[in-house]
Every structure is written in structure tokens, then in C-alpha cells.
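The values are calculated or read from the model by the stated rules, or taken from the named source; none is laboratory data. Note that the coordinates shown come from a computational prediction; the quantities given were computed from them, not determined experimentally. Every residue, glycine as well, gets a Cβ built from its backbone with ideal geometry; the counts of neighbours run over all protein chains shown.
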Amino acid sequence: MDDTDSPRGGCTTYVLTELVALARQQGLDLLGEPRLVRLNPNIPWRTRGNAALSARFGHGTGPRRRVGMIGGTPVWSHRRGRPPTPVERTRYLDAAWELVLREAGKDVGTDPALVAVDRRLPAEVYWRAVREVVPVSRARTRLEKSGAWFRWSGSERGLVGAAAAVAWPGRHPTWELISYRERARWGTPRAVDPASVRTVQRKFPPLFLCFDRRTRRLLVAPHTPCPILFGLRSTDPETPRRAASQVRSEPVERWLTFRTNQGTGDHLVSRNGPDWEGLTSGVIRGRVASSPSVLRGGHVRFDLQTHLKEPLRCIAFEPTKTLPDVARALLPGDEVRVWGSRAPEGPIHLEGIEVVRWNPYQPRGAAPSCPSCRRPSHSAGAGRGFRCRQCGRRFPPEAARRVPRRPPLPAQAYHPTPSARRHLAPRGPEN
């Protein structure tokens, strides 16, 4: 499922909790974990985090695990199960689509889509949607060839995300427990105690991106009038449930734990330059080709020379906090590995910088000493070398003395401050 929300409100994850409740009412079980799948973060028409959702339903068998609570009743996830009968399938999907339309219709600007398949779509569908701009026609053709059942309202763009959500292979996942507010509180200020969030992050190391100490910003609660109260991200599936019970907040109406691709860096792919199109993300390595310049607002710009003839322009934006500091320390000759997104007009908007090797010498050498007079020579002009004022002896530009340089920072990877990281950004130090 995709696109039941807009920048003004709504929440696709909440709609999925409603679909889970609907399945339970109709005698179907949740098989495996609900999935929250982030897609290409550069898409201009995305809504907030650009997430699509998926879940599997059938008749559960074997071991089960608690993954949520809806309507005061636990939500159980079965490891395996039998598929629903054709009659059960049709009855559920008809009711599910009515529910999606009803929920999406509460907000303006939504283009909901619902997709159902008997088997997971090829992983290629996901990889394209997380790394490229996928034409709607391509997604629809793939769904038709697979025999999928699908519905949409408004634009068909939601089909791209919905198809990608059921195609995600789910490898190297993280998890997020999302708790929801009582309906009467929607649109009012949230009550989540920041001190308790900081405490649980210290107490439970698998949690990540809960609080930004640099900006003092709480990262678990959204700032929109959506139904979400708070969400806890973790590198294992059990920690969020234990931690959530220790977060002090207003009453939790329901909660559900999602398997996610957050923090995986799946949107990043190695680029060689010419194939790096606008609205896509990538990783590239090269040498700094120009001294950095500070732009209005505190952003920092520099050029990166790769194997291409023309250097790539990179920009470290001030809200990332750490990246402009690193960019300002760079000098020509420094070897770096950068990752980020390419804007349609060309520059690379940086999401991270790894200093591979600092240039051990200053880019400009010092004037050599005259061997005859044993005194420093002086510049004879740009590109003209040096001249001894005492005896008039000249030296070529290559005679400049190499001046050792002290590394300004450790040679390592640098990530944005937590509040400026994208959902898909590779996990790094919290502060």
C-alpha cells in the first residue's frame, strides 16, 4: 500500500494497522512482520518520508510472536501459514480497498494504491524504486505480468511504491515500533517526555536516532497532525517493545512493530560520474580539486576531481552541522569518499564525507632558500618561480619547499547530526 497521506496529514502506517485489524475480523492471521519500506528520498512528489507498507495474511501455523496491540488485543505474527481461500481473498481485498479509500479521503492530495500478489515480486522492483525514478508505466506492466490484483485512485504513482513494498527482499533490516494517539488527540500538541526518551536510548544500545544532543531535538515524535505518537528505531526486533513501556507519554491507543529498510543505505550505489542522473543518490571517490568556499547561510562548497574531465561540485549544507566543518577543513589533494543525492541542476548534496587520506603537505610550497646566500628567496610572480634578492639567482616553481601539514581532523567517515539524517542514511555515530 502507498500514498494515503499528504504533507498536511494522514498516515499510511496507521492505515496498515487498520488493515491488520480488518484481517483479524475476517479470520485471517498476520504472517511474518509488517514492513515499512522507504523509497528514493529524492522524488519531488514524495510525501514526507516516502514510505510504502506491506503485510502478508493467511492462516497462521506454528510459532507466533507478539508484534503489536490494536483495540486492546495483542497482534500476533506467525512465522508461516496457509494462504487464504479465493473467497476469503476476494472478500478481504474488497473490504481493504474500501477502507483505504475511506482513510485516504480524509485528507486532500492523496493518491492511494493497493496491490496484492500471491508471491513476492522480483527484488529488482524494489532496487529500482529505492535508487531511480521509476515510470508508472513500468510498475503497472510488471504488476500485470505477475497477475497482481491492484487498485488506485487519482494518480497511479502509488502503484510504484506499493509494488516496491512487496518486492523488498528484507535483508539486513532494522525495526521500528510505532505507537499511535487516541483519535480525540489528533492535531493537538503531543505529550512525550524527552528525558524518558534519552534515558531509554542510554539503557537500550540497539536503539538509534532517538534524540539529537547537538540540536536538542526529539527525533521519535513527528511534528505533523498525523496519528503517530512516537516511534522507536532499533537494530533488533525485541528491544523497541521493552523500551516503549518506559517512555513517559500521553496514552498509547495502539502500536505495531515494523520490519524496515531504515538505516541501510539501500538508496546509495557506486557512481562513476556520467551515469549519475539527477534525483538519484550515490557514492563516489576522488580528490579535492578546489579550496572550499563558504556560501551564504553557512553551507560549504568544493569541487571533487574524479576520473572525469570535469570535477563534480559538492555542497555540505549547514543543517547537517558536522559536514560543513569537515568540508571547510579540506584542501586540494585530499582524498575523500562522499555520498549524497544529485540535484537536477548538477551539484551533489552531501549526506556524508569519509576522509580517506589527508594531503600530507600544504598545497602551496614555501620559497626555497638560496644555496649561495643562504637566505630565503621570494616569489617572482605567479607561475614564474622564485628569485633571490641578494644575488639575483632564479629558481623554477618546482623548487618550492614542501611544507608538512598537520591533519586537521581524524581520517574517518563523518555523518550529519542525527536530526539531519535521512531515514535510509547509513547508520553512524549518534552525536
Q) Does Thr257 meet the test of being buried (at least 20 other Cβ atoms within 10 Å of the Cβ) and among the polar types (S, T, N, Q)? A) yes
**Q.** Those residues of the range 105-138 which are assigned to a loop (DSSP other than H, G, I, E, B), surrounded by 15 or more Cβ atoms within 10 Å (Cβ to Cβ) and basic (Lys, Arg), in sequence order
**A.** Arg120
Q) Which condition number does Pro237 fail, the rest of (1) under 23 Å from the mean Cα position of the chain (by Cα); (2) not in a loop (DSSP other than H, G, I, E, B) being met? A) (2)
Q. Do any residues in the range 404-431 that are assigned to a loop (DSSP other than H, G, I, E, B) have Cβ atoms under 6 Å from those of residues that are among the hydroxyl-bearing types (Ser, Thr, Tyr) and surrounded by fewer than 18 Cβ atoms within 10 Å (Cβ to Cβ), where the two are at least six apart or on different chains, and which pairs are they?
A. Arg405/Tyr361
Q) With respect to Arg233, is the statement that it is touching a Leu at 6+ places or on another chain (Cβ under 7 Å), at pLDDT 95 or above and outside the structural domain of Phe317 (by TED's automatic domain parsing) true? A) yes
Q: Report whether or not Gly298 is farther than 25 Å from Leu209 by Cα and either in the same structural domain as Gly346 (by TED's automatic domain parsing) or touching a His at 6+ places or on another chain (Cβ under 7 Å) (or both).
A: no
(Q) Going residue by residue through the range 26-35, is there one that turns out to be part of a loop (DSSP other than H, G, I, E, B) and touching a Lys or Arg at 6+ places or on another chain (Cβ under 8 Å)? (A) yes
Q) Name the pairs whose Cβ atoms lie under 8 Å apart, with the first residue in the range 59-83 and farther than 23 Å from Leu93 by Cα, the second surrounded by 14 or more Cβ atoms within 10 Å (Cβ to Cβ) and among the aromatic types (Phe, Trp, Tyr), and 6 or more positions between them or separate chains? A) Arg64/Trp76; Arg65/Trp76; Arg66/Trp76
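Keeping to the range 168-186, report how many residues are farther than 16 Å from Gln262 by Cα and either under 24 Å from the mean Cα position of the chain (by Cα) or without any contact (Cβ under 8 Å) to a residue 40 or more places away in the chain (or both).
Taking the range 168-186 and keeping what is farther than 16 Å from Gln262 by Cα, we get 179-186.
From what's left, either under 24 Å from the mean Cα position of the chain (by Cα) or without any contact (Cβ under 8 Å) to a residue 40 or more places away in the chain (or both): 179-180, 184.
Here the count works out to 3.
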Q. Could you say whether any residue in the range 91-104 is part of a loop (DSSP other than H, G, I, E, B) and at pLDDT 95 or above?
A. no
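Which of the residues spanning the range 360-416 are among the hydrophobic types (A, V, I, L, M, F, W, C) and touching a helix residue (DSSP H, G or I) at 6+ places or on another chain (Cβ under 6 Å)?
Passing the criteria: only Leu409.
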Q.
Can you list residue pairs whose Cβ atoms sit under 7 Å apart, with the first residue in the range 228-240 being surrounded by 24 or more Cβ atoms within 10 Å (Cβ to Cβ) and the second being in a loop (DSSP other than H, G, I, E, B) and among the charged types (D, E, K, R)? Count only pairs 6 or more apart in sequence or on different chains.
A. Leu229/Arg181; Leu229/Arg190; Leu229/Glu250
**Q.** Residues (assigned to a loop (DSSP other than H, G, I, E, B) and at pLDDT below 95) located in the range 170-188
**A.** Gly170, Arg171, His172, Trp186, Gly187, Thr188
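Matching residues to (1) under 17 Å from Ser245 (Cα atoms); (2) touching a Pro at 6+ places or on another chain (Cβ under 8 Å); (3) not aromatic (Phe, Trp, Tyr):
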{"site": "Val197", "(1), (2), (3)": "yes, no, yes"}
{"site": "Arg202", "(1), (2), (3)": "yes, no, yes"}
{"site": "Phe208", "(1), (2), (3)": "yes, no, no"}
{"site": "Phe211", "(1), (2), (3)": "no, yes, no"}
{"site": "Ala221", "(1), (2), (3)": "yes, no, yes"}
{"site": "Pro227", "(1), (2), (3)": "no, no, yes"}
**Q.** Top-ranked residue of the range 373-431 - restricted to ones that are among the aliphatic types (A, V, I, L, M) and farther than 30 Å from Asn261 by Cα, ranked as surrounded by the most Cβ atoms within 10 Å (Cβ to Cβ)
**A.** Ala400
